[in-house]
1. For the residue pair Ser53 and Asp30, what label-to-label distance in nm results when each label sits 7 Å from Cα along the Cα-to-beta-carbon direction?
2. So what's the angle, to the nearest 10 degrees on a 0 to 90 scale, between helix 69-86 and the longest Cα principal axis of the chain?
3. Across 10 Å bins from the origin, how do the percents of Cα pairs in the stretch 60-156 run, short distances first?
4. Which trypsin sites (Lys or Arg not before Pro) from the stretch 63-156 combine a DSSP loop assignment with at most 10 other Cβ atoms within 10 Å?
5. Which percent of the Cα-Cα distances in the stretch 1-137 go past 26 Å?
6. With +1 on each Lys and Arg Cβ and -1 on each Asp and Glu Cβ, how big is the dipole of the stretch 23-68 about its Cα centre, in debye rounded to the nearest 20?
7. Taking square-rooted eigenvalues a ≥ b ≥ c of the alpha carbon gyration tensor, is the stretch 31-106 rounded, prolate or oblate, where a/c under 1.5 means rounded and, failing that, a/b exceeding b/c means prolate?
8. Pop a pseudo-label 7 angstrom from the Cα along the beta-carbon direction at both Met1 and Glu118 and give the gap in nm to one decimal.
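The values are calculated or read from the model by the stated rules, or taken from the named source; none is laboratory data. Please read all numbers here as calculations on a predicted model, not as lab measurements. Because the Cβ atoms are built from the backbone with ideal geometry, glycine has one as well, and the counts that use them run over all protein chains shown. Side chains are part of the model used for accessible areas, which takes the heavy atoms of the whole protein and leaves out ligands, DNA and RNA. Shrake-Rupley method; radii C 1.70, N 1.55, O 1.52, S 1.80 Å.
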Amino acid sequence: MIWLALETATPTTSVALLRGADVVASVDDDSGRPHSERLLLAIEELWARAGESRDAVEAYAVSVGPGSFTGLRIGVATAQGFALVDGRPAQAVPTLAALAVAADGAPAAALLDARRGEVYAAGYSDPWSAEADLLAEGLYRPEAMAGALPEATSLV
């Protein structure tokens, strides 16, 4: 299956074209401009890099938090709009679960800066399952989070 994945929960706007679990092409824009100004431009750049068009997409995936409320709304609205127009499914993906997949199947904890000395975090024995079984998704002080994880857990 070919997916268009949108991530706007963090300050970076990221889009990727996936064929199954393989990344065909990706674009990250951390220019500091609002997601509303860069998301569609990033998608256009993605099509150029991948040599594909929206017609190739069979489904849409979008990060749904934790993260910037405005960024999440922009990402979700874009994915829903494409899915509605194209008659294809859209899938909500927890941001921390999507980040944990970068550990290539190894036990992983994903974290995002929540400011004020805290992080949003979740721990996964199998990141592809999206089940936070090592550490429940939540707001943690880094030292408390680290103490709750098994030693072999990768941080992403």
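1. Computed distance between label sites Ser53 and Asp30 equals 3.4 nm.
2. Result, in degrees: 40.
3. The distribution over the stretch 60-156 is 17, 42, 28, 11, 2, given as percents.
4. Arg116
5. Counting pairs separated by more than 26 Å, the tail of P(r) holds 20 percent.
6. That gives a dipole near 80 debye.
7. Rounded, since a/c falls under 1.5.
8. It is 3.4 nm.
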